[in-house]
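> The structure under discussion is supplied below as structure tokens; questions concerning it will follow.
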Amino acid sequence: METTLNLKHIIDQLMKEKGIDREIVVEALEQAVLSAANKKYRNTRDLEAHFNEELGEVEIFEFVTVVDEVEDSYKEITLDEAREEDPDVEVGDSIGMKLPSSEFSRISAQTAKQVIIQRVREAERETIFNEYKDRVGELITGIVRRYEKGDLIIDLGRAEAVLSTKELAPREIYRQGDRVKALITEIRMTTKGPQILLSRTSPMMLAKLFEAEVPEIAEGIVEIVNVVREPGSRAKIAVYSNDHDVDPVGACVGMRGSRVQNVVSELRGEKIDIIPWSEDVARFACNALQPAAVSKVLVDDDNRSMEIIVPDDQLSLAIGKRGQNVRLAAKLTGWRIDIKNETRQAEAELLQFSSYDGAEEEASEEEASAAEAPTEPQEQATGE
């Protein structure tokens, strides 16, 4: 009776605590007891194990074939002996006879425990993998549990995830017990179980943060066309509205900047430029260079490059600190961008114009010299 209660308790407990399917636990128990029985009889008998739901125990059945004359006592039985178990049995039939469960209760206990632990662990791993495999690209919140080889191990509840220090923005520091929000970037099955990888530096994280803050994005009214980041420093996000009455930039900024400020706070003060996307690549490039003003744009479609002219006092703003602004603008548009101030451009045009005038003057002098020269050689050339 004690064994019965224990088995029922084990199954119910595993189902409740681990969320493991009942069939998986029952199958593990049956295999454990069958393994113990085969070991005892050295695999000389045809045995099967079945869990009795009413009794709450695993029963072992020995299957033998009914024959006229027994040659293998482990696998055959005479007709007279067989009819003591089943009066309707005939020669050639196979019958199963239950073996006393007491013979296996002790020897199967340890084996059953080991097998159950192994199967439950495998089932847990598979359950976690199936739960998270379709969640790549989602934002998730967890608690920092520990550092392992420099990486953060994040408790997600039923599973643990890895947040590499390479996936943290510069100067981001977390301690044990801190809550952290990150993007699921990859889920892969390893020999130690499913491994969930997180990131806080991915451009997609910025997009997901805006999606969570801006209902118009979640509803599909405003679309995020592209996102580029230099994590912890600055980011640019290009947005477009499918509704002419909805300003995509205004929707992302929110009342008094509340929406964008929530995103900035989550990213520890990272500056965010919200750019209106345009089909006109020149206009889009001008928008991408904000907050700098642009005077002129020269587009080279063949080489996907642009030369952008800005007022002298806007040059440093357009380029940005260490070239950050123009670098992010180029990534956002996907075009090569060269920036010149108006003075430099004017000098270049003047130089080009002077070279052209010089060439004309030289040509005019040559024509004048030719006109003053004697005509006899020309006439000879003509005659020839």
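The values are calculated or read from the model by the stated rules, or taken from the named source; none is laboratory data. None of the values given here were measured: they were computed from a predicted structure. A quick note on method: Cβ atoms are made from the backbone with ideal geometry, for glycine too, and the neighbour counts reach across all protein chains shown. Ligands, DNA and RNA are excluded from the accessible area calculation, which covers all protein heavy atoms including side chains. Shrake-Rupley method; radii C 1.70, N 1.55, O 1.52, S 1.80 Å.
> Which ones in segment 8-44 are open to solvent by less than 60 Å² (accessible area, probe 1.4 Å), modelled with pLDDT of 70 or more and either in contact with a strand residue (DSSP E or B) (Cβ under 7 Å, 6 or more places away or on another chain) or outside any helix (DSSP H, G or I) (or both)?
Across segment 8-44, the qualifying residues are V26, L29, E30, V33, L34, A37, N38, Y41, T44.
> Based on what the data block shows, is I309 more than 28 Å from R344 (Cα to Cα) and assigned to a strand (DSSP E or B)?
Taking the combined requirement at face value, the residue does not satisfy it.
> For segment 168-175, state whether one or more residues are acidic (D, E), under 26 Å from V25 (Cβ atoms) and not assigned by the TED database to the domain that holds A218.
No: segment 168-175 contains no residue that is acidic (D, E), under 26 Å from V25 (Cβ atoms) and not assigned by the TED database to the domain that holds A218.
> Determine, yes or no, whether I95 is assigned to a helix (DSSP H, G or I) and either modelled with pLDDT under 75 or not polar (S, T, N, Q) (or both).
Here the answer is no, as I95 does not meet what is asked.
> Right, here's the next one. Determine if segment 251-267 includes at least one residue that is at pLDDT 95 or above and touching a Ser or Thr at 6+ places or on another chain (Cβ under 9 Å).
Scanning segment 251-267 turns up at least one residue that is at pLDDT 95 or above and touching a Ser or Thr at 6+ places or on another chain (Cβ under 9 Å).
> Would you confirm whether any residue within segment 204-212 is in a strand (DSSP E or B) and either at pLDDT 95 or above or open to solvent by 50 Å² or more (accessible area, probe 1.4 Å) (or both)?
No, segment 204-212 contains no residue that is in a strand (DSSP E or B) and either at pLDDT 95 or above or open to solvent by 50 Å² or more (accessible area, probe 1.4 Å) (or both).
> Among residues belonging to segment 328-341 that are free of Cβ contacts under 8 Å to residues at least 60 places away in the same chain and buried (at least 16 other Cβ atoms within 10 Å of the Cβ), point out the one that is farthest from P203 (Cα to Cα).
Across segment 328-341, the extreme among qualifying residues is N341.
Residue-by-condition table, conditions (1) open to solvent by 50 Å² or more (accessible area, probe 1.4 Å); (2) more than 23 Å from V281 (Cβ to Cβ); (3) free of Cβ contacts under 8 Å to residues at least 24 places away in the same chain:
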{"residue": "E219", "(1), (2), (3)": "yes, yes, yes"}
{"residue": "V225", "(1), (2), (3)": "yes, no, no"}
{"residue": "V239", "(1), (2), (3)": "no, no, no"}
{"residue": "N242", "(1), (2), (3)": "yes, no, yes"}
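> Kindly establish whether G142 is outside any loop (DSSP other than H, G, I, E, B) and either in contact with a Phe, Trp or Tyr (Cβ under 9 Å, 6 or more places away or on another chain) or under 28 Å from E211 (Cβ atoms) (or both).
yes
> Kindly indicate whether T201 is in a strand (DSSP E or B) and among the polar types (S, T, N, Q).
no
> Does V66 satisfy the condition of being at pLDDT 85 or above, out of contact with any Pro (no Cβ under 6 Å at 6 or more places or on another chain) and either assigned to a loop (DSSP other than H, G, I, E, B) or surrounded by fewer than 14 Cβ atoms within 10 Å (Cβ to Cβ) (or both)?
Judged against the criteria, V66 is not a match.
> Considering A370, A330, A363, which residue is at pLDDT 90 or above, in a helix (DSSP H, G or I) and not assigned by the TED database to the domain that holds V222?
A330
> Shifting gears a bit: Please indicate, with yes or no, whether at least one residue in segment 287-296 is without any contact (Cβ under 8 Å) to a residue 12 or more places away in the chain and basic (K, R).
The answer is no; no qualifying residue exists.
> Here is a follow-up. Suppose we keep only residues that are assigned to a strand (DSSP E or B) and open to solvent by less than 20 Å² (accessible area, probe 1.4 Å) within segment 172-190. Which one would you say is farthest from A207 (Cα to Cα)?
Looking at the filtered set, the residue picked out is V180.
> Please enumerate the residues belonging to segment 149-171 that are crowded, with 16+ Cβ neighbours inside 10 Å, among the charged types (D, E, K, R) and over 26 Å from A123 (Cα atoms).
D151, E167 - these are the residues of segment 149-171 that are crowded, with 16+ Cβ neighbours inside 10 Å, among the charged types (D, E, K, R) and over 26 Å from A123 (Cα atoms).
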